[in-house]
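The values are calculated or read from the model by the stated rules, or taken from the named source; none is laboratory data. A quick note: this is a predicted structure, and the numbers were derived from the prediction, not measured. Methodologically, a virtual Cβ is constructed for each residue, glycine included, from the backbone with ideal geometry; neighbour enumeration extends over all protein chains shown. Quick note on the areas: whole protein, heavy atoms, side chains included, nothing else; ligands and nucleic acids left out. Shrake-Rupley method; radii C 1.70, N 1.55, O 1.52, S 1.80 Å.
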Amino acid sequence: MKHVLAKAKWLLCVALFFVGSAHLQAQTSSTAPAFEVVVLGDSGGIQDGNLSAFLLRSLTEPNYVALDAGTLVNGINQSIKQGAFSELTIKEDKKWGKAGTILRQHVKGYLLSHAHLDHVNGMLVASPEDSKKSIYALASVNTMIGETYFNGKAWANFSDRGIPPLLNKYHVVDLLPGTSTPIADTELSVTAFSLSHPVESSAFVIEHGDDIFVYFGDTGPDIVEKQGKLDAIWTYLAKQVKHKNLRGMIIETSFENERPHNLLFGHLTPALLMGELGRFAGKIGGEQPLKGLNVVISHIKYSLAKNVDPRAKITKQLNEANDLGVNIIIPQQGQKFQF
Ligand SMILES: [Zn+2]
Ligand SMILES: [Zn+2]
């Protein structure tokens, strides 16, 4: 009897441990990865061919969704060269080369954070040879992309709404903030949130089963923007991590700490990002709740100026301010990560 009781106690302890540490599984390397991220474009401007764009897929399927599409075909080509698709079973295609096949067969949709050119340029220029798929964005973002690019002037209207003639290649889906929407032809679903930027921007919480990954489009910090939009996402995520595994996030750090707040134009610096993550940690509670969380830094502003290296400086400033113990990742175009 004593023996049975001891065993029951032990099982209860193990069960409680797993329940208690569910949200931390993402942050330790002991759990098998759930998502793959391919970096099509790592920078936030200036350098064409390397602008904000990532591919994300669940490792249970060969289908990606694009997170922004500032750079598309060049990013796929660079990623092929670096072996980023080596674990993907690429469908044979008689007509299309490898990059074409990946874009046409394996990228099933676009999640577009906002209408700025550095986030949509790759999709626009690739559209003549792209396959039919959906564009997912907040309603105001879809409207702005329609009016600005798919207007028959800047570009032909490859979408299925707005200014005629409609080429009907891209089905436009409006995402309702805070409401989960399935991403067609994938096992993923997405919940969008509004972000503060000169035009409305968005964050996407992407789910596969109990695993979640978050992509942030361009965003200013709440202390400057005064709209509490990041706060609303931190509150949502703090609730989610109680029963789901947060595998990581992609979030921007455009400028160095020295940049004055009145010249941020809706962007973050290392100190401001760490301040935001600190508020997220506070909402989860406990000691170092974000320790080991994968935080991929996007949108570092490239510069053509002599003797400046924003990437090196931002990396240093992020690491120096990292009291939370998050796993800061400075990605480079063509790299693949599994989280
Ligand atoms: Zn941008
Ligand atoms: Zn922007």
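Rg/Rh, computed from the Cα trace of the stretch 52-136 with Rh as the Kirkwood radius, has the value 0.93. Helix 229-240 and the longest principal axis of the C-alpha atoms of the chain enclose an angle of approximately 50°. Peptides 79-89, 124-134, 205-215, ordered by how many other C-beta atoms sit within 10 Å of their residues on average, highest first, read 205-215, 124-134, 79-89. Among Lys95, Lys244, Lys169, the largest mean-square fluctuation in a Gaussian network model of the chain (Cα springs under 10 Å) belongs to Lys95.
Here the Karplus curve 6.51 cos²θ - 1.76 cosθ + 1.60, taken at θ = phi - 60°, turns the phi angles of the stretch 253-270 into couplings of 9, 7, 10, 6, 4, 5, 5, x, 4, 7, 10, 7, 6, x, 9, 10, 10, x Hz, with x standing for Gly and Pro.
Counting only DSSP beta bridges whose two residues both lie in the chain, roughly 50 percent are antiparallel. Among the protein heavy atoms, those of Asp160 account for about 50 Å² of accessible surface (1.4 Å probe, every chain in place). The ratio of the alpha-carbon radius of gyration of the stretch 32-338 to the globular-protein estimate 2.2 N^0.38 Å is 0.95. Averaged per residue, the stretch 125-225 has 39 square angstrom of accessible surface, using a 1.4 angstrom probe with ligands and nucleic acids left out. Straight-line cross-link reach from Lys169 at under 18 Å between alpha-carbon atoms covers these aspartates and glutamates, not counting any fewer than eight positions away in the same chain: Asp68, Glu129, Asp130, Glu147, Asp160, Asp185. Within the stretch 71-206, the ratio Rg/Rh, alpha carbon atoms throughout and Rh by Kirkwood, equals 0.97. Taking amide hydrogens as placed 1.01 Å from N in the peptide plane, the amide H of Asn245 sits under 5 Å from those of Asp211, Ile212, each at least 5 positions away in sequence or on another chain.
When the C-alpha to C-alpha distance is required to be over 30 Å, the pairs from Lys108/Lys244; Lys91/Lys229; Lys229/Lys301 that qualify are Lys91/Lys229.
Between amide H atoms placed 1.01 Å from N, distances below 5 Å from Ile183 occur with Leu188, Ser189, Val190, all of them 5 or more places distant or on a separate chain.
Pairs of Cα atoms nearer than 8 Å and 6+ residues apart set the relative contact order; for the stretch 186-235 it is 31 percent. Here the stretch 138-241 has an Rg and Dmax of 15.6, 45 Å, counting Cα atoms alone.
For the chain, a Gaussian network of Cα nodes joined below 10 Å ranks Leu263, Leu175, Leu237 by mean-square fluctuation, and the top entry is Leu263. Bridging of Lys283 to aspartates and glutamates at a Cα separation below 12 Å is possible for Asp231, once same-chain residues fewer than 8 apart are set aside. Can you tell me the orientation of helix 310-320 relative to the chain, as the angle in degrees between its alpha-carbon axis and the longest Cα principal axis, to the nearest 10? Approximately 10 degrees, to the nearest ten. Ligands, DNA and RNA left out, the 1.4 Å accessible surface of the chain is 57% carbon and sulfur atoms.
Relative contact order of the chain: 19 percent, from C-alpha pairs under 8 Å at least 6 residues apart in sequence. As a length-normalised measure over Cα pairs under 8 Å and 6 or more apart, the relative contact order of the stretch 39-169 settles at 20 percent. Here's the list of lysines a cross-link from Lys306 could span, going by alpha-carbon distance under 27 Å and ignoring same-chain residues fewer than 8 apart: Lys316.
Around the amide H of Leu195, modelled in the peptide plane, lie the amide H atoms of Ser201, Ser202, Ala203, all under 5 Å away and 5 or more residues distant in sequence or on another chain.
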